[in-house]
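Bear in mind these aren't lab numbers, they're just calculated from the coordinates by the rules spelled out. It should be emphasised that the depicted structure is a prediction, and the values quoted were computed from it without experimental measurement. Don't worry about glycine lacking a Cβ; one is built from the backbone with ideal geometry, like all the others, and counts go over all protein chains shown.
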Amino acid sequence: MSPGMIKMWISIVGMGLMFLAIITIYLSRYKLKGVLRLITAILAYLFMIGAGLSLLIVFFA
C-alpha cells in the first residue's frame, strides 16, 4: 500500500474513534447512572485520546 493510502486509513480510524467518543460521552452524561456511567466516560476519553493520536500521526508523518 502506498503511504497516502495508509494515511487515509489511519485518518478514517481516527474519525471512527471520534464518532464512538461522541456517542459514549453522550450516553455517560445523559442516559446512564452509577458505575456504568463511569466506565463509559473512561472509555469515551480513551477513544478521544486514540483519535487524537491517530490524527497526529497523519498530520506529522
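Key figures for this structure:
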quantity: Taking all pairs of distinct alpha-carbon atoms in region 3-60, Kirkwood radius in angstrom; calculated: 11.8
quantity: Of the trypsin sites (Lys or Arg not before Pro) in the chain, those whose Cβ has at most 15 other Cβ within 10 Å and which sit in DSSP loop; calculated: Lys33
quantity: In degrees, nearest ten, helix 35-60 long axis to first principal axis of the chain (Cα); calculated: 10
quantity: Calculated FRET efficiency for the pair Phe19/Leu56, C-beta based, R₀ 25 Å, to 0.05; calculated: 0.90
quantity: Degrees, to the nearest 10: 3-26 long Cα axis against longest axis of the chain; calculated: 10
quantity: Residue-averaged 222 nm ellipticity for the chain, from DSSP H runs of 4+ at -39500 (n - 2.57), nearest 500; calculated: -29000 deg cm²/dmol
